[in-house]
Amino acid sequence: MAAVVGLLGRRWRGLGRSLGGCSSLTAAARRPLSASHAFRQQQFTSLDEKPQFPGASADFVDRLEFIQPNVISGIPIYRVMDRQGQIVNPDEDPKLPKEMVLKFYQKMTLLNTMDRILYESQRQGRISFYMTNYGEEGTHIGSAAALEPDDLVFGQYREAGVLMYRGFPLELFMAQCYASANDVGKGRQMPVHYSCKDLHFVTISSPLATQIPQAARGPGYGIISIRVDGNDVFAVYNATKEARRRAVAENQPFLIEAMTYRIGHHSTSDDSSAYRSVDEVNYWDKQDHPISRLRHYMVNKGWWDEDQEKAWRKQSRKRVMEAFEEAERALKPKVDYLFSDVYEETPVSLQKQQEALQRHLKMYGEHYPIDHFEK
């Protein structure tokens, strides 16, 4: 049975952000949020005297005192392995086979390699826009691996790893970013707004405010929730797998807040050095990165070594560069695709626009690179 499940996103610089596409909860216990110990809760002789606000499970207090963030305990963060790749609690070890863990690592590092090449491509003016996934690879791969292949994923714009785990080819990532004729979206979406019907990944959308509902806290909506270490791919995997199981069995939503750190700039239109220090970024890149944590785990198990690392890095870069070069050589989609696939029958107004464009190109085509487009 396919499931549509939702995952709250990660957090950086004290701000929450949404990540669509997965679900939440684990076997780990969650400590409920509580008011300051200084508050004296009233004892009620009947349920009628308790607060009746819809969705609120709270008590009245008879003393005015503002909540101090350093008094109330934060929501605990579920993890499976520490920064050195050691399993903290053997009971929480998913005990995944070597082949699956290697797939996790290879997809995470391949995504990282693709990011670096496409980021530089934008800086060189070859594509118009790009967003890297640096530091968030664990949330993508851990959640994607825990879902069924036919589960729908409603991703946000920084979730390419889900598609990569499901088998979306490098050539199609490149075709989308270059808006070439090979792009499944026919070049009509801005870069990194991927889609794939066959892999059940719904087209990414980023108009203003579409992500706000997902970023709200689960308890605020009365949704069973958990906070996990987003740099721990096993924690994300366990949480998503259990949440999916319960979402299907109980017919109710679950939410995961995956705590991680966006190492790259928000996008190629952003310079994050204006609002965070280089030292802060370096800490997360060097000391607490999901890729290095998983590599430590594999080395500890005897599944990976330096020679394998060098060989894989060389091989993955070669694969990305081949797809990159193919995308640069490809033609652009047919101009007529600007007017197709929206209506079953093209309305008269759109037909007139299409005819007007054709007349314009016939008259002024020499001023446009129409030879770069499919006929």
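What follows is calculated from the coordinates using simple rules that are stated; it is not laboratory data. All of these numbers come straight from a predicted model, not from anything done at the bench. Because the Cβ atoms are built from the backbone with ideal geometry, glycine has one as well, and the counts that use them run over all protein chains shown.
Structure above, values below:
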item	result
Peptides 285-294, 86-95 ordered by average Cβ neighbours within 10 Å, highest first	285-294, 86-95
Net +/- balance of residues flanking V335 in space, Cβ distance below 10 Å, scoring K and R +1, D and E -1	+1
Extension gain from L152 to K352, taking 0.36 nm per residue of separation minus the Cα-Cα distance	68.3 nm
Ranked S143, S206, criterion: other C-beta atoms within 10 Å, fewest first	S206, S143
Backbone HN-Hα couplings from phi across the stretch 110-117 [Karplus 6.51/-1.76/1.60, Hz, Gly and Pro as x]	5, 4, 4, 5, 4, 4, 5, 6
Efficiency of FRET between S292 and D341 - r from beta-carbon atoms, R0 51 angstrom, step 0.05	0.75
Global form of the stretch 264-331, assessed from the alpha-carbon gyration tensor, a/c cut-off 1.5	oblate
Unit charges on C-beta of K, R, D, E only; dipole of the stretch 272-328, Debye	200
Cα shape, the stretch 165-277, gyration tensor, a/c 1.5 rule	oblate
Calculated FRET value between E325 and T203, using beta carbons and R₀ = 25 Å, to 0.05	0.40
Gyration tensor verdict on the stretch 231-375 (Cα atoms; rounded if a/c is under 1.5, prolate if a/b is larger than b/c, oblate otherwise)	prolate
Value of Rg to Rh for the stretch 306-375 (Rh from inverse mean 1/r over Cα pairs, i.e. Kirkwood)	1.30
